[in-house]
C-alpha cells in the first residue's frame, strides 16, 4: 500500500528539489515523467544530474504561452536528451498547470504531486506544498495509480496534436520564442507594479522568514548602451515637499506599458542598514546617504570598478566634480515591494583614480545617492531584500530601481 508524506517548502526545511532528487533512489528505473507549467534554466540545472543520467527514460511536458517558461530552460531539457513536449493551449485564458514528478522502477515507484514548478522558486525559494507518494507496484491499487498517470500523459500528444508538440530540434524552440510562446531570460521582465503610492508609512510588513536558504543566480553583464538623441519634453511636475523630514513626493508616474523593454544590469546582495541609510542601533554614526554599486550578483568576469561608469551609465552627461570624482544625474523610477513611488532625479558619483588602496582592494568605485528617495528606502522592513537596477532600452538615460 502507498506511503504518503507531505512537503511544506519554506515553512519547513524540506525542499522540492531534494524530494525530487530522492525519487531517483528507486531501483531499476524504467520511466520518468515531469509535468510542469513553468520552466526556466535555473530550475532545470537543479535537477540536471538526475535527468541526464536517466534521459532515455525521461519525458517532460511543459507549458508555454505563459510569459514564464523560457527558451533557455526548454533548450536545456532538450539538450539533456529527455523526450520534450511543449503544451500550448492556444489562449492566455487557459494555462497548462499540472505539476507532477514520477519515477518508476521495476517494483516500486515514487511521485510528487503539488505546486512546484521547474524553477528555482518552485524547487527551493517559494512557499510550496506537495504530497510524496511511494508506491509498491505489487499492490494492485498502487500499480493502477501509476499506470493511470503514465497512460494519461501518453495519451496527450495524439489526443491534442494541434496543441502539444514533440520537440526534437532547437529550431522548433527558437520559432516558439520568435512568435512569443517562450520568453528569453536575457531580456529581463520589467517590474509591473499594480499600484502607485506617495507614502510608505503604512507598509511596514517585513519579508517573510523561511527555513530554506534562497538559491540566487548570477547577473550577466549588460552591453554598453549607445547614447540617444534626447527628445524635448514638457517640464516635469515639481515634487511636493512634505513637512518634517519626509521625502519629496512626486506625482506618481504612469505605469510602464507592456511594450517597455528593460535590461537588468545589476542586482545587489542582501541589503544592509548601511545600504539603506539606516543608522546602526546603539551607535552614534551618520549614514552615508548613498549605496555602493559593488560586485553584487555580477558574474566573476565583470570588473565592477569600471562596469557602471563604462557600461551601465555611458549615455549620461558626466561632469568633473573634483580631481578624482565624476558625477552625473539620471531619472530613476522607484518600485518598492511592488508599489511604484514615481520617478526621481538621482545623483551618481564615480571615483576615477586607479592607484588607490581602495581600488586595489576592489572596492566599489561608483555610488548612487538616495537623495529625495531616502525616506522611501530607510526602512528596517527592507533589510535583507535585494535591489535590482534596470535600464530602459529605448532611453538609456532612464532607469528603474526595484527593492523586493
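Out of all the residues in segment 355-367, is one or more assigned by TED's automatic domain parsing to the domain that holds residue 272, out of contact with any strand residue (DSSP E or B) (no Cβ under 6 Å at 6 or more places or on another chain), surrounded by fewer than 19 Cβ atoms within 10 Å (Cβ to Cβ) and within 21 Å of residue 273 (Cα to Cα)? There is at least one residue in segment 355-367 that is assigned by TED's automatic domain parsing to the domain that holds residue 272, out of contact with any strand residue (DSSP E or B) (no Cβ under 6 Å at 6 or more places or on another chain), surrounded by fewer than 19 Cβ atoms within 10 Å (Cβ to Cβ) and within 21 Å of residue 273 (Cα to Cα). Within segment 320-342, the set of residues being farther than 17 Å from residue 290 by Cα, surrounded by fewer than 21 Cβ atoms within 10 Å (Cβ to Cβ) and within 26 Å of the chain's Cα centre (by Cα) comprises 337, 338, 339. Output the residue which, of all residues in segment 27-47 that are part of a strand (DSSP E or B) and crowded, with 22+ Cβ neighbours inside 10 Å, is nearest to the chain's Cα centre (by Cα). So, considering only residues that are part of a strand (DSSP E or B) and crowded, with 22+ Cβ neighbours inside 10 Å, the one nearest to the chain's Cα centre (by Cα) is 39.
So for segment 135-143 (the condition being in a strand (DSSP E or B), touching a strand residue (DSSP E or B) at 6+ places or on another chain (Cβ under 7 Å) and crowded, with 17+ Cβ neighbours inside 10 Å), does at least one residue qualify? Among the residues of segment 135-143, at least one is in a strand (DSSP E or B), touching a strand residue (DSSP E or B) at 6+ places or on another chain (Cβ under 7 Å) and crowded, with 17+ Cβ neighbours inside 10 Å, which makes the answer yes.
Condition (residue is within 25 Å of the chain's Cα centre (by Cα) and under 29 Å from residue 203 (Cα atoms)) applied to segment 299-319: is it met by at least one residue? No - not one qualifying residue is present in segment 299-319. Taking the residues in segment 1-12 that are modelled with pLDDT of 95 or more and exposed (fewer than 12 other Cβ atoms within 10 Å of the Cβ) as candidates, determine which candidate is farthest from residue 136 (Cα to Cα). So the residue we want is 6. Put simply, of 51, 47, 71 the only residue that is touching a residue at least 24 places away in the same chain (Cβ under 8 Å) and under 17 Å from residue 173 (Cα atoms) is 71. Considering only residues in segment 10-25 that are outside any helix (DSSP H, G or I) and in contact with a helix residue (DSSP H, G or I) (Cβ under 7 Å, 6 or more places away or on another chain), the one that is farthest from residue 111 (Cα to Cα) turns out to be 15. Take the conditions (1) part of a strand (DSSP E or B); (2) over 21 Å from residue 387 (Cα atoms); (3) modelled with pLDDT under 95; residue 285 misses just one of them, which is (1). Out of all the residues in segment 160-192, which are under 30 Å from residue 343 (Cα atoms) and outside any loop (DSSP other than H, G, I, E, B)? Selection gives 183 alone. The single condition among (1) in a helix (DSSP H, G or I); (2) touching a strand residue (DSSP E or B) at 6+ places or on another chain (Cβ under 7 Å); (3) closer than 15 Å to residue 3 by Cα that residue 157 does not meet is (3). The condition (being modelled with pLDDT of 75 or more, surrounded by 15 or more Cβ atoms within 10 Å (Cβ to Cβ), over 24 Å from residue 393 (Cα atoms) and in contact with a strand residue (DSSP E or B) (Cβ under 9 Å, 6 or more places away or on another chain)) is satisfied by just one residue among 183, 146: 146.
The values are calculated or read from the model by the stated rules, or taken from the named source; none is laboratory data. Because the structure is predicted, anything quoted here is derived from the model rather than measured. Don't worry about glycine lacking a Cβ; one is built from the backbone with ideal geometry, like all the others, and counts go over all protein chains shown.
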